[in-house]
Amino acid sequence: MDLKEKLVTSFLAFENRVDVDSPVHDIRNEALKTFENTGFPSKKEEAWKYTSLNSVLKHDYSVFPKQENALEYKDIKKYFIHDIDTYKIIFIDGKYSSHLSQVTHDGIDVCLMSSALNKDKYKPVIENYFNKIATKDSLASLNTAFSNEGAYIYIPKNKAVEKPIQIIHFSTGNESAVLLQPRNLIVVEENSHVQIIERHQSLTDNPVLTNSVTEIFANKRAIVDYYKVQNDNQNASLIDHTFVEQKEQTNCFVHTFSFGGKLTRNNLNFYQNGEHMDSTMKGITIIGDKQHVDHNTLVHHIEPNCESHQDYKGIFADSSTGVFNGKVIVEKEAQKTNAFQANNNILLSDKAAINTKPQLEIFADDVKCSHGCTIGQLDESALFYMKQRGIPEKEARALLMFAFSNNVLDSVKIPELKQRITKLIANKLGVNIGFDL
Amino acid sequence: MLQIKDLHASVEDKSILKGINLEVKAGEVHAIMGPNGSGKSTLASVIAGKEEYEVEKGEIILEGEDLEELAAEERAHKGIFLSFQYPVEIPGVSVTNFMKTAINETRKAKGLEDMPAKDMLKMIREKSELLEIDRKFLSRSLNEGFSGGEKKRNEIFQMAMLEPKLAILDETDSGLDIDALRIVANGVNKLKSKDNAVVVITHYQRLLDHIVPDFVHVLYNGRIVKSGGKELAHELEEKGYDWIKEEVDA
C-alpha cells in the first residue's frame, strides 16, 4: 500500500478520535477529497520542478503514533531557548506534552489546537479564521484533512506579549518512521505584539516526515515576529506551509534558518489586505552532504502603500541543492508598492547546485520592485588576506560565510535566539570562533 | 633572520623570479626597488606563501626554518607580515573582530589562551592612537569603502597589533598623501626594534626619506642586480632605472 492509500484509509480511524459533527470536520472531508484527487505533487508540476519527494515518500510511515512517549527535560534542554522565560507548547511524536509545556489562558491564549477545536468558547475564532488562508493544494489539504493538533495562539487587542512563545515538535524515533501533521493557528488582534519560535527536532535517525500548516492573522497595527529554526537530523524532512494575512499598518517578519534535515520545503505566503504595512521574509540556508532546501515564497500586494522585503542567503557545500522561488504579485490597485527581493548564494563545491527563480507579476504602474540573485564562490583574495593575518583556512572561510549571511542574523530581535543561531552556524561550519562581528 | 637562496618562482608557467639571493638580519631595514614588472610584488607574495605561486627552486629560511612546507597562516604565525599593496575589502567583518580573530588564532597556534578582552581593548586603543585612527573606524567593515590612505594606515595598524618579526611593506606609499605618508612611516619607525626587521618594497624613493633603509636592492627582471646603501635610492631617484637596465642588458 503506498502512502497515499494508507493515508486515505486511515482517515476512518482518524474519525474515531475527533468530533465528526463539527463544521471543521466538513472542511476536513473536503480537504481529504482534494488530496485524494491530486495525490502527492510530482516534479511535473512547475512549483515542484526542482524538488522531488520520492525519497521521502518511500518510507512506511506510521500515521498515528501508537504509544505515548515521554522525554526528560534535561535530555532535550539544548533544543530550547532556556536562558530566558518563555511560553512553551511542546509535542512529542505529535502528542501534547503537558509536563514540558508552559501554556496560558491568562489574558492571552497560548494552548492547543485540539482544545480550540473542541471547546465552544473558541468557536467564533475557529469559524472566522480556521483554514481561511491555507491554500487548497494537495499537501496543505492533506494537513487540513488530518488537522487536530498543534499550537493555538490568540492574542486579544492591545497586548504586547512579554515573553516569546516556543513551539517545539519532538519525535522520539520509538516507531520506525513517523508522519507528523501539526496544524497551528495564530491570531493577533489590533495593536498587539507577539514573538514565536518554531522548531522540529527528531531525536534519532529514524525517518520523520512533517507536513505542517500554520495560519497567521495579523490585525490592524499588530506586530508578528516568527522564527523558524530548522536544524533537524539527517533523516528528518519537513514540508512547511505558512500563511500570513496582514491588515493595515501591520508588521510581520518570518525568519527561516535552515541548517539541518534531509529535505526541507518552505512554502511561505503573505497576503496583504490593507494599506501601509510591511512584510519581511529572511532566511539563511547552510547545508551540505545531500541535503536539499527549497524556499517557495509568495507576497501578494493587494492594496496601495505597502512594502515587502525578502532577503535569502544560501551556502551550499558537497552535493547539497537549493531552490529559491520567489513570487511577488502587485495588483492593479496596489500603487506605491515597494517590493524588494534578494537571493544570494555561495556554492562551495562543483556538485552543489541552486535553482533560483524570481517571478514578478506587476499590474500597477507606480511601484518600486526589485529583485537580485547572485551565485558565487568565496573570494580567494580575501581568503589569502585573512590567512596572511594568521587566520587558518577553515576559520577564514567560516568568517567569510558568516559575514555573508550576517545581515539576516542582524534582524533577529531576541538576543538569546540570535546567540543560539550564531552557535548553530559555527557548528555547521565546523569552527569554534566567536562571530561577534 | 631571513635568508633567501637562489629563489626561482613562477605563476601559471610564467617564470618571474629567476634566482633571488637576499639576507635580512634582525634590526635591519631593507628596501627593494625596481621598475614595474620586475618581480617585487611576486617576491612579497612568495615569502608570504601565496599558493598561486610555484617555487621551482631555492629556499626561503626564517630563523633557520625552511618555509617551503608552511601554509600562509603558518608563516604568519611564525611572524611574517605582509602589508598589501591592494588590501582586500571584506564586507561584514569589522576591523576589530578581524584583529581579535587574527590575534587569537595566532595565540592558539602557539598554544596560548585567547587574549583577555580587557587587554585586547587596551592594545587596540594604544595601537590605533599610534596610527591616528579614529575609534569609530574600527567598527567599520574591513577596508570596505576605505580611502587609499585609510587602507594603508589600517595595514600598519594590523602590523602594530600582530607585532611581526619580519614585516614586508608592499608599495605602502602608493596612494598616500603627504600626511598619511608621515603617519604610516612614523608608525613603522616606532614599531622597529633590534629584534625585528622590515623589508620596504617601493617604486619611489619618497617613502625612504621617512623609513630610512640600511640596504637598498634593485630588482630587475627577476633578479637583484644591484645592492647598496641608502644613497643608491637617491641615485635611482635622480637617474631613473634606465641606466640599471642598460648595465644589466649589456
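The values are calculated or read from the model by the stated rules, or taken from the named source; none is laboratory data. Values in this document were obtained by computation on a predicted structure and should not be read as measured data. Heads up, the Cβs are rebuilt from the backbone with ideal geometry, glycines too, and the neighbour counts pull from every protein chain shown. These accessible areas exclude ligands, DNA and RNA; they are computed on the full protein's heavy atoms, side chains included. Shrake-Rupley method; radii C 1.70, N 1.55, O 1.52, S 1.80 Å.
With the simple spin-label model, which puts each label point 7 Å out from Cα in the Cβ direction, the A:Ala160 to A:Asn427 separation comes to 3.2 nm. Annotation: amide H of A:Asn345 within the under-5 Å range of A:Gly314, A:Thr374, A:Ile375, A:Gly376, sequence separation 5 or more or interchain, hydrogens built in the peptide plane.
Backbone geometry of segment A:23-37 corresponds, through the Karplus equation with coefficients 6.51, -1.76 and 1.60 at θ = phi - 60°, to 3J(HN,Hα) couplings of x, 4, 5, 4, 4, 4, 4, 4, 5, 4, 4, 4, 5, 4, 6 Hz, x marking Gly and Pro. Counting, for every residue in B:102-108, the Cβ atoms of other protein chains within 10 Å of its Cβ and taking the mean gives 5. Residue by residue, segment B:40-53 carries 3J(HN,Hα) couplings of 4, 5, 4, 4, 4, 5, 5, 4, 6, x, 5, 6, 5, 8 Hz when phi is fed to the Karplus relation 6.51 cos²θ - 1.76 cosθ + 1.60 (θ = phi - 60°); x denotes Gly or Pro. Do you know the relative contact order of segment B:123-250, to the nearest whole percent, from alpha carbon pairs under 8 angstrom that are 6+ apart? Across segment B:123-250, relative contact order equals 19 percent. Starting from one equal scatterer on each C-alpha and no solvent at all, send me the Debye-based log10 I(q)/I(0) for chain A at q = 0.06, 0.09, 0.13 Å⁻¹, two decimals. The Cα Debye sum returns log10 ratios of -0.24, -0.56, -1.22.
Rg over Rh for segment A:258-407 works out to 1.07, both radii taken from alpha-carbon positions and Rh defined as the Kirkwood radius.
The alpha carbon centroids of segment A:12-74 and segment A:360-403 are separated by 38 Å. Between segment B:1-75 and segment B:213-227, what is the separation of their alpha carbon centroids in Å? Rounded to whole Å, the Cα centres lie 13 Å apart. Shape analysis of segment A:318-429 yields a ratio of the Cα radius of gyration to the Kirkwood radius, Rg/Rh, of 1.08. Once C-alpha pairs closer than 8 Å and six or more residues apart are averaged by separation and normalised to the residue number of chain A, the relative contact order reads 9 percent.
Excluding ligands, DNA and RNA and using a 1.4 Å probe, chains A and B jointly bury around 2200 Å² of accessible surface, summed across both partners.
Per-residue mean of foreign Cβ neighbours for A:390-401 is 6 (Cβ atoms of other chains, 10 Å radius). Using R0 = 56 Å, the C-beta based FRET efficiency linking A:Asp137 and B:Glu12 works out to 0.55. Other residues with beta-carbon under 13 Å from the beta-carbon of A:Glu190 carry, at +1 per Lys or Arg and -1 per Asp or Glu, a net charge of +3.
Ranking A:Arg199, B:Arg107, B:Arg182 by solvent-accessible area of protein heavy atoms (1.4 Å probe, all protein chains present), from largest to smallest, gives B:Arg182, B:Arg107, A:Arg199.
Protein heavy-atom accessible surface, 1.4 Å probe, per residue over segment A:122-202: 28 Å².
The mean count of C-beta atoms from other chains within 10 Å of the C-beta of residues in A:375-384, rounded to a whole number, is 4.
Rounded to 0.05, the FRET efficiency of the A:Met1 and A:Lys49 pair, given R0 = 41 Å and the Cβ-Cβ distance, is 0.90. Couplings 3J(HN,Hα) of segment A:68-81, computed from phi: 7, 10, 10, 10, 8, 3, 4, 7, 10, 3, 5, 8, 8, 7 Hz, in residue order, whole Hz [Karplus 6.51 cos²θ - 1.76 cosθ + 1.60, θ = phi - 60°; x for Gly and Pro]. Debye sum, Cα scatterers, segment A:39-193, no solvent: what log₁₀ I/I(0) at q = 0.14, 0.15 1/Å? With one equal scatterer per Cα and no solvent, log10 I(q)/I(0) is -0.85, -0.96. If one puts a single equal scatterer on every Cα of segment B:167-235 and applies the Debye formula without solvent, what log₁₀ I(q)/I(0) results at q = 0.13, 0.25, 0.27 Å⁻¹? These q points yield log10 I(q)/I(0) values of -0.37, -1.25, -1.37. Note on chain A: with a GNM built from Cα contacts shorter than 10 Å, the maximum mean-square fluctuation among A:Glu45, A:Glu189, A:Glu215 falls on A:Glu45.
Computed on chain B, the Cα convex hull volume stands at 125 Å³ per residue.
Taking 7 Å steps out from each Cα toward its Cβ at A:Lys95 and A:Ser319 produces label points 3.8 nm apart. When the trypsin sites (Lys or Arg not before Pro) in segment A:343-430 are filtered for DSSP coil states and for at most 14 other beta-carbon atoms within 10 Å of their beta-carbon, the remaining sites are A:Lys351, A:Lys413. In whole percent, and with a 1.4 Å probe on the protein chains, what portion of the accessible area of the protein assembly as shown is carbon and sulfur? Its accessible area is 46 percent carbon and sulfur atoms. Classify segment A:184-310 as rounded, prolate or oblate, taking a ≥ b ≥ c as the square roots of the eigenvalues of its Cα gyration tensor: rounded when a/c is under 1.5, otherwise prolate if a/b is larger than b/c and oblate if not. In terms of gyration-tensor shape, prolate.
Using all pairs of distinct alpha-carbon atoms, the Kirkwood hydrodynamic radius of segment A:395-437 works out to 10.4 angstrom. The simple spin-label model puts a point 7 Å past each Cα toward its Cβ; for A:Gln102 and B:Asn36 those points are separated by 6.8 nm.
Considering only alpha-carbon pairs that sit under 8 angstrom and 6 or more positions apart, the relative contact order computed for chain B is 28 percent.
Computed with a 1.4 Å probe over protein heavy atoms only, the accessible surface of segment A:395-437 comes to 41 Å² per residue. Considering only A:Gly150, A:Asn345, B:Val199, and ranking their Cα positions along the charge dipole of the protein assembly as shown that arises from unit charges at the beta-carbon of Lys, Arg, Asp and Glu, the one farthest toward the positive end is A:Gly150.
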